[in-house]
Amino acid sequence: MIEFLANYGLFLLKAITVVAGIIIVIVVAASAGRKNAHEGLEVENLNKKHESLAESLRNAVSSKDVRKKVAKEKKKKDKADAKEESTRPRSFVIDFKGDLKASAVPSLREEISAILEVATEDDDVIVCLENHGGVVHEHGLAASQLARIRDRDIPLTVCVDKVAASGGYLMACVATKIYAAPFAILGSIGVLAQIPNFNRMLDSHGVEFEQVTAGKYKRTVTMFGENTDEDRAKLKEELEDVHSLFKEAVAKYRPDMDLDKVATGEHWYGTRALDLGLADEIRTSDELFADLVSERDLYLVSFKIKQPLQKRLLGGIDGVLEKADAAGWRRKFESALPR
């Protein structure tokens, strides 16, 4: 009887765990659905946001008389601004947070298309970039979107507060000017391919893997077959070709950079990256915006895309991989610190 109750309790615990997991998935999906209910272009006036934050703090620390005086002056200024259209130059701001598949590119395309329709020669574009890199062709397309801005002779600034590495730096190098935070990660101008091979494990279990191709190099290194030196050499050749394309892209936009020194696959932190020409100035995006807000009209432009449920759920896998990738960068940083 005791054994029966123990087994039943274990079964019940497993059942509760499965049900709880299903409920969590449904709740997360529903939440994601609400967040992505709106689709379209959103524009936020960063000048007003900056003023609102300053006003909130001022009201908290000022006397009643000072608050009244400031409110009166602000009301008068708002009236004057409403009557007269601003003639100040504009900065259009884009936030780009990359992942392995550069899944934010569809939004980036729409944001840039909208900006190019209204931007004039007095305006500029600022991209706040955070990207560890990932799939080559996806990040190549992302860089091509930024090149559309350069091709229209509109100044393009990229701010790297955290990381622009590998495919992320492929995007960043397109900029007219690159700002980097003191400990931002830049570089990693290299190409990587890594794949596990289960051939010996399958062979030990009597499992034979067959692969039929048409074309000598349709498939080279594989996960399940036996890889040859010729397969590895061909993959190495392909990686070297991609690396050459990467270096050509960097050289096009940053011709004064010593590529032999920086295109080694290594990454550097802000101040070191500045010395190597990977960045133009040490400055955070917050510092840049604080300076610009008094002389330009700043607009944050973002395009929201409504994702189907299946894509939102599968997107969680990419999120896990992205966190693992970020953890890899963190471990590199921690290993560089003195003990």
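The values are calculated or read from the model by the stated rules, or taken from the named source; none is laboratory data. All figures in this text were calculated on a predicted structure; none of them were measured in a lab. Ideal geometry is used to build each Cβ from the backbone, glycine not excepted, and the neighbour counts take in all protein chains shown.
Any chance segment 78-85 includes a residue that's modelled with pLDDT of 85 or more and of a type in the set (A, V, I, L, M)?
No; the residues of segment 78-85 include none that is modelled with pLDDT of 85 or more and of a type in the set (A, V, I, L, M).
Looking at residue 184 and the list (1) surrounded by 21 or more Cβ atoms within 10 Å (Cβ to Cβ); (2) of a type in the set (Gly, Ala, Ser); (3) over 21 Å from residue 285 (Cβ atoms), which single condition is not satisfied?
Only one criterion is unmet by residue 184, namely (3).
When you scan segment 40-55, do you find a residue that is surrounded by fewer than 10 Cβ atoms within 10 Å (Cβ to Cβ), in a helix (DSSP H, G or I) and either at pLDDT 75 or above or under 25 Å from the mean Cα position of the chain (by Cα) (or both), even just one?
Within segment 40-55, not a single residue is surrounded by fewer than 10 Cβ atoms within 10 Å (Cβ to Cβ), in a helix (DSSP H, G or I) and either at pLDDT 75 or above or under 25 Å from the mean Cα position of the chain (by Cα) (or both).
Could you tell me whether segment 307-322 includes any residue that is under 20 Å from the mean Cα position of the chain (by Cα) and modelled with pLDDT of 65 or more?
Yes.
Suppose we filter segment 266-282 for residues that are touching a helix residue (DSSP H, G or I) at 6+ places or on another chain (Cβ under 9 Å), crowded, with 19+ Cβ neighbours inside 10 Å and not hydrophobic (A, V, I, L, M, F, W, C); how many remain?
Here the count works out to 1.
For segment 197-225, give me each residue that is surrounded by 11 or more Cβ atoms within 10 Å (Cβ to Cβ) and in contact (Cβ under 8 Å) with a residue 12 or more places away in the chain.
Answer for segment 197-225, where residues must be surrounded by 11 or more Cβ atoms within 10 Å (Cβ to Cβ) and in contact (Cβ under 8 Å) with a residue 12 or more places away in the chain: 197, 198, 199, 202, 209, 217, 220, 221, 222, 223, 224, 225.
Answer yes or no as to whether residue 112 is surrounded by 13 or more Cβ atoms within 10 Å (Cβ to Cβ), in contact (Cβ under 8 Å) with a residue 40 or more places away in the chain and either closer than 30 Å to residue 188 by Cα or of a type outside the set (Val, Ile, Thr) (or both).
No: the conditions fail for residue 112.
With the structure loaded, tell me whether residue 94 is buried (at least 19 other Cβ atoms within 10 Å of the Cβ) and touching a Cys at 6+ places or on another chain (Cβ under 9 Å) or whether it fails that test.
yes
Can you go through 248, 295 and tell me which one is within 30 Å of residue 164 (Cα to Cα) and either touching a residue at least 12 places away in the same chain (Cβ under 8 Å) or surrounded by 11 or more Cβ atoms within 10 Å (Cβ to Cβ) (or both)?
295 is the lone residue from the list that is within 30 Å of residue 164 (Cα to Cα) and either touching a residue at least 12 places away in the same chain (Cβ under 8 Å) or surrounded by 11 or more Cβ atoms within 10 Å (Cβ to Cβ) (or both).
Against the definition (exposed (fewer than 15 other Cβ atoms within 10 Å of the Cβ) and assigned by TED's automatic domain parsing to the domain that holds residue 168), how does residue 258 come out, yes or no?
So residue 258 fails the test.
Does residue 29 satisfy the condition of being at pLDDT below 60 and not assigned by TED's automatic domain parsing to the domain that holds residue 128?
Yes; evaluated as a whole, the condition is true for this residue.
Would segment 115-124 turn up any residue that is of a type in the set (Gly, Ala, Ser) and either within 12 Å of the chain's Cα centre (by Cα) or surrounded by fewer than 17 Cβ atoms within 10 Å (Cβ to Cβ) (or both)?
no
From 126, 115, which residue is in the same structural domain as residue 283 (by TED's automatic domain parsing), farther than 22 Å from residue 278 by Cβ and not aromatic (Phe, Trp, Tyr)?
Of the residues listed, the single one that is in the same structural domain as residue 283 (by TED's automatic domain parsing), farther than 22 Å from residue 278 by Cβ and not aromatic (Phe, Trp, Tyr) is 115.
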